[in-house]
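Notes for the one structure printed next.
Read-outs throughout are calculated quantities, based only on the coordinates presented, and are distinct from any laboratory measurement. No experiment lies behind these values; they were computed from the predicted model shown. In this analysis, Cβ positions are derived from the backbone assuming ideal geometry, glycine residues included, and neighbour counts consider all displayed protein chains.
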Amino acid sequence: MLNFQSTISWWEYYCDFRKIEENAFTIKIQLSLLNSLLWEKHIETKFLKLISEYPETREVLPILLAVRDKFTLVRNQKYQKEELVSDLFNSKITLNDEDKKSLLIFFQNSWLKDIFQDKKISNLNDYVFWIETGLDSNARKNRGWKQMEGLVQSYIQPFCEKKWYQRKDQATAKYILQHWNIIIESDKADRRFDFAVYNWKDVYLFETNFYSSGWSKLKSVAWEFMELYHFLQQQNKQLYRITDGAWWRTSSKPLEEAFNAMEWNIFNIKNLREGILWKLIK
């Protein structure tokens, strides 16, 4: 508990600007067309004219509201009912007069009209770039998992190379059977172990995670540790859990219970640094 890390984040964790730039670039042409509407008077007429002549511009309208996918349903406040609106943003569908009216309502009520007309922004390409930056922050949780996996891999990979052991990242029961001829029953159809190490006699399985803050269900996480461990123990298969993060200090009791129930097979980054793999796999 005393040796848990507060963070494992490096600078690349915060924003994936390569992905952001790629996402923004894919719709650059459509945004350039929409740029012609900025600061225009009589913008409603010009908006309808533009989307009619260049229907591909409708495809990118959702991202202007920081929505990654197309809108499907919206609630009509006037009639208090749901309306299907997905066709409005589908460039392959020709709009009728009623559709154009609905799309104009979207343009007005979403405040995009005011944003376009009142000089709130000067370039949609820059605007979308920063929208993508904001949306990318939602992916930090996934990057956090990848960071921990990458950190653990930096210890497992050289260990396996020195010992001439085989390693598989994101290993499935199917892969283990096909390549190492070892049967593992899986508790889930889509179960993937973060790492599997084969020492030419048996397979050793590893699960990793890092909890720095904001996790309110660490008790259930600890129970999942135990359940998977005992499920594999019944098959005489060894599971090691590599976990870390200062947030565990808020749930020390469940972690202690899991630690004892798993016969102390829970380790942290400091244990890896001190060479625990050499003691676990021989």
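By DSSP, what percent of the beta bridges with both residues in region 183-280 are antiparallel, rounded to the nearest 5? Show your work: numbers first, answer last.
On the way: 4 of 13 bridges.
Antiparallel bridges: around 30 percent, rounded to the nearest 5.
For Thr45 and Leu280, compute 0.36 nm times the residue count separating them, minus their Cα-Cα distance, and round to one decimal in nm. Don't skip to the end; give the middle numbers.
On the way: separation 235, 0.36 × 235 = 84.60 nm, distance 7.12 nm.
Computed gain between Thr45 and Leu280 is 77.5 nm.
Taking the Cβ of Ser6 as the centre, find all other residues whose Cβ is under 12 Å away and add up their charges (Lys, Arg: +1; Asp, Glu: -1).
Values: positive: Arg249; negative: Asp244.
Result for the neighbourhood of Ser6: 0.
Quickly rank 166-179, 258-271 as a protection proxy: mean count of other C-beta atoms within 10 Å, highest first.
258-271, 166-179
As a footprinting exposure proxy, order Leu151, Leu124 by other Cβ within 10 Å, with the fewest listed first. Mind dumping the intermediate values first?
Numbers: Leu151 17, Leu124 26.
Listed from fewest to most nearby Cβ atoms, that is Leu151, Leu124.
How would you rank Phe107, Phe193, going from fewest to most other Cβ atoms within 10 Å of each one's own Cβ?
On the way: Phe107 21, Phe193 24.
Least crowded to most crowded, the residues run Phe107, Phe193.
Arrange the peptides 57-65, 184-192 so that the one whose residues have, on average, the most other Cβ atoms within 10 Å appears first. Mind dumping the intermediate values first?
Details: 57-65: 19.2, 184-192: 11.7.
Most protected by this proxy first, the peptides run 57-65, 184-192.
Let me know the volume per residue of the alpha-carbon convex hull for the chain, in Å³. Spell out each step's value before the answer.
On the way: hull volume 55.1 nm³, N = 282.
Enclosed volume per residue, from the Cα hull, is 195 Å³.
For the chain, what is the mean residue ellipticity at 222 nm derived from helices alone (per DSSP H run of n ≥ 4: -39500 (n - 2.57); sum divided by total residues; nearest 500 deg cm²/dmol)?
The per-residue figure over the chain is -13500 deg cm²/dmol.
So what's the net charge close to Trp200: Lys and Arg +1, Asp and Glu -1, counting the other residues with Cβ under 15 Å from its Cβ?
On the way: positive: Lys162, Lys163, Arg167, Lys168, Lys201, Lys282; negative: Glu161, Asp202.
Once all neighbours under 15 Å are counted, the net charge is +4.
Based on the mean of other Cβ atoms within 10 Å per residue, sort peptides 241-250, 112-121 so the most packed one is first. Please report the intermediate quantities before stating the final value.
Values: 241-250: 19.7, 112-121: 15.0.
Most protected by this proxy first, the peptides run 241-250, 112-121.
Using 0.36 nm per residue, how much length does the chain from Val67 to Lys217 gain when fully extended, once their Cα-Cα distance is taken away? Mind showing how you got there, number by number?
Details: separation 150, 0.36 × 150 = 54.00 nm, distance 2.87 nm.
Once the chain is fully extended between Val67 and Lys217, it gains 51.1 nm.
With label points built 7 Å along Cα→Cβ from the Cα atoms of Trp111 and Arg191, find their separation and express it in nm.
Here the modelled spin labels are 4.9 nm apart.
At q = 0.17 Å⁻¹, work out log10 I(q)/I(0) for region 11-138 with the Debye formula, treating every Cα as an identical point scatterer and leaving solvent out; two decimals please.
With no solvent term, the Cα-only Debye profile gives -0.92.
If you stretched the chain out fully between Asn96 and Thr250, how much longer would it get, using 0.36 nm times the residue separation minus the C-alpha to C-alpha distance? Don't skip to the answer; put the middle values down first.
On the way: separation 154, 0.36 × 154 = 55.44 nm, distance 5.82 nm.
Taking 0.36 nm per residue and subtracting the Cα distance, the gain is 49.6 nm.
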